[in-house]
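The values are calculated or read from the model by the stated rules, or taken from the named source; none is laboratory data. Given the structure is predicted, the values throughout are model-derived calculations rather than measurements. Quick reminder, even Gly has a Cβ in these numbers, built from the backbone with ideal geometry, and neighbours come from all protein chains shown. Each accessible area value is taken on the protein alone, full model and side chains, heavy atoms only, with ligands, DNA and RNA left out. Shrake-Rupley method; radii C 1.70, N 1.55, O 1.52, S 1.80 Å.
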Amino acid sequence: MTKPTVTLTQDQIAFYKQQGYLTLDAVTTPEELAFLRDCYDKMFREQAGREAGEQFDLGGTDEDGKEAVLPQILGFQRFIPDFDKTILYANCDAIAKALLGKDATSGGGHAIFKPARIGAATPWHQDEAYWGTGVQYRSMSIWIPLQEATLENGCMHFVPGSHKLDVLEHQSINNDPRIHGLELVASEMPHVKEAVACPLPPGGATIHDSRTLHYTPPNRSDIPRRAMIMMAGAPAKKIGEPGQHPWQAAKQTARNERAKRAAAAATTVKADRGHE
Ligand code: NI
């Protein structure tokens, strides 16, 4: 495996545990960044994974042909040749082990694109609000901008210490169940005070716990804002019956419909093979 170039200091580890987030100046190299950016632009140009429900508009109703305000691709690593040999991957794995323990690994991920001028905000949320209940998670996200991330183009914002909260009440963006993205309900917004903005150089990173409240503003600049988000975690612990948050159970997204169609088609193919 490629050797990591990042070693977290004891101060950085202590800061993360106390505040629920951390920023780093470099988790990749300029050469690798250029390669990643080329792959990234290609996958969004081609809407990679759309038919399987893995490419969709996080911030809109996502009809085919409609301009997306916050296009996202799940499992973006599949579209980058030899991703697991990159310095970025090695660093994310090392960061996960340093912050979560030796049993942590860097796994799935997603890529979120904020188009120039029209890219929408990603409203305040906790990542765990998207996940199943009945489980105690030990997880984090590592967010990597592929160009400078600024207040103007949509850099990350956090509420320090919010990783110690329970999962707060969320709803679909604009309370519209056709939209995949989540936002805190208005009555929870008092938790969002003293937010910290984290502008970053290209190829830097922010790291946040799965309960840390976070937000990115709209892209008001003339350049697209590209970000890769690497997920990392240690095995989750079962603490109750598996379930779903009510705001997730209420979803009626075009993306889910495409995923269901793709799964049904795969089952049909499998059944057909059974007749050979
Ligand atoms: Ni998030």
(request) Please tell me if Leu74 is open to solvent by less than 70 Å² (accessible area, probe 1.4 Å) and either under 16 Å from Ile179 (Cα atoms) or in contact with a His (Cβ under 6 Å, 6 or more places away or on another chain) (or both). (result) yes
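Taking the options Leu200, Leu165, name whichever one is touching a helix residue (DSSP H, G or I) at 6+ places or on another chain (Cβ under 8 Å), away from the ligand (no atom under 13 Å from the Cβ) and modelled with pLDDT of 95 or more. Steps first, please.
Values: Leu200 fails: touching a helix residue (DSSP H, G or I) at 6+ places or on another chain (Cβ under 8 Å).
Being touching a helix residue (DSSP H, G or I) at 6+ places or on another chain (Cβ under 8 Å), away from the ligand (no atom under 13 Å from the Cβ) and modelled with pLDDT of 95 or more holds for just one of Leu200, Leu165, which is Leu165.
Based on this model, can you work out whether Gly75 counts as farther than 23 Å from Ala234 by Cβ and either at pLDDT below 95 or among the basic types (Lys, Arg) (or both)?
Numbers: farther than 23 Å from Ala234 by Cβ: no; either at pLDDT below 95 or among the basic types (Lys, Arg) (or both): yes.
No.
Identify all residues within the stretch 179-225 that are aliphatic (A, V, I, L, M) and in contact with a Gly (Cβ under 8 Å, 6 or more places away or on another chain); write none if there are none. Full working, then the answer.
First pass over the stretch 179-225, keeping only residues aliphatic (A, V, I, L, M): 179, 182, 184-186, 189, 192, 195-197, 200, 205, 207, 213, 223.
Scanning the stretch 179-225 gives a single hit, Ile179.
When you scan the stretch 23-39, do you find a residue that is among the aliphatic types (A, V, I, L, M) and over 24 Å from Thr122 (Cα atoms), even just one?
We begin by selecting, within the stretch 23-39, every residue among the aliphatic types (A, V, I, L, M); these are 24, 26-27, 33-34, 36.
In the following step, the residues that additionally are over 24 Å from Thr122 (Cα atoms) were identified as 34.
Within the stretch 23-39, one or more residues are among the aliphatic types (A, V, I, L, M) and over 24 Å from Thr122 (Cα atoms).
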(request) Could you grab me the full set of residues in the stretch 116-127 that are open to solvent by less than 20 Å² (accessible area, probe 1.4 Å) and over 15 Å from Phe158 (Cβ atoms)? (result) Gly119
(message) Checking Leu74 against (1) within 26 Å of Pro224 (Cβ to Cβ); (2) in contact (Cβ under 8 Å) with a residue 40 or more places away in the chain; (3) within 16 Å of the ligand (Cβ to nearest atom); (4) not small (Gly, Ala, Ser), only one condition comes out false. Which one?
(response) (2)
(request) Determine which member of the set Gly101, Gly53 is out of contact with any Phe, Trp or Tyr (no Cβ under 8 Å at 6 or more places or on another chain), at pLDDT 90 or above and at positive phi. (result) Gly101
(message) Scan the stretch 1-11 and tell me whether some residue there is within 20 Å of the chain's Cα centre (by Cα) and open to solvent by 20 Å² or more (accessible area, probe 1.4 Å).
(response) no
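May I ask you to verify whether Thr29 is of a type in the set (S, T, N, Q), open to solvent by less than 60 Å² (accessible area, probe 1.4 Å) and over 19 Å from the mean Cα position of the chain (by Cα)? Show your work before the answer.
Values: of a type in the set (S, T, N, Q): yes; open to solvent by less than 60 Å² (accessible area, probe 1.4 Å): yes; over 19 Å from the mean Cα position of the chain (by Cα): yes.
When the stated conditions are applied, Thr29 passes them.
Would you point out the residue of the stretch 210-227, among those that are touching a Pro at 6+ places or on another chain (Cβ under 8 Å) and open to solvent by less than 30 Å² (accessible area, probe 1.4 Å), that is farthest from the ligand (Cβ to nearest atom)? Break it down stepwise before answering.
Here is the first cut: in the stretch 210-227, the ones touching a Pro at 6+ places or on another chain (Cβ under 8 Å) are 215, 219, 224-227.
From what's left, open to solvent by less than 30 Å² (accessible area, probe 1.4 Å): 219, 225, 227.
Working: Asn219: 16, Arg225: 15, Ala227: 11 Å.
Ranking the candidates gives Asn219 first.
Taking the residues in the stretch 124-147 that are of a type in the set (Ser, Thr, Tyr), within 16 Å of the ligand (Cβ to nearest atom) and in contact with a His (Cβ under 9 Å, 6 or more places away or on another chain) as candidates, determine which candidate is farthest from Arg37 (Cα to Cα). Break it down stepwise before answering.
The initial filter retains those residues of the stretch 124-147 that are of a type in the set (Ser, Thr, Tyr), namely 130, 133, 137, 139, 141.
Going one step further and asking which of them are within 16 Å of the ligand (Cβ to nearest atom), we end up with 130, 137, 139, 141.
With in contact with a His (Cβ under 9 Å, 6 or more places away or on another chain) added as a condition, the list becomes 130, 141.
Working: Tyr130: 27, Ser141: 19 Å.
My answer is Tyr130.
Go through the stretch 1-27 and count every residue that is touching a strand residue (DSSP E or B) at 6+ places or on another chain (Cβ under 7 Å) and of a type in the set (Val, Ile, Thr). Before you say what the answer is, go through the steps one by one.
Residues of the stretch 1-27 touching a strand residue (DSSP E or B) at 6+ places or on another chain (Cβ under 7 Å): 6, 12, 15-16, 20-24, 27.
When the remaining residues are screened for being of a type in the set (Val, Ile, Thr), the result is 6, 23, 27.
Qualifying residue count for the region: 3.
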(message) Of all residues being of a type in the set (A, V, I, L, M) and touching a residue at least 40 places away in the same chain (Cβ under 8 Å) in the stretch 41-71, which is surrounded by the fewest Cβ atoms within 10 Å (Cβ to Cβ)? Just the residue, please.
(response) Ala52
(request) Could you tell me whether Lys17 is at pLDDT 95 or above and basic (Lys, Arg)? (result) yes
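Is it the case, given these coordinates, that Lys66 is within 16 Å of the ligand (Cβ to nearest atom), of a type in the set (Lys, Arg) and under 30 Å from Ala250 (Cβ atoms)?
On the way: within 16 Å of the ligand (Cβ to nearest atom): no; of a type in the set (Lys, Arg): yes; under 30 Å from Ala250 (Cβ atoms): yes.
Here the answer is no, as Lys66 does not meet what is asked.
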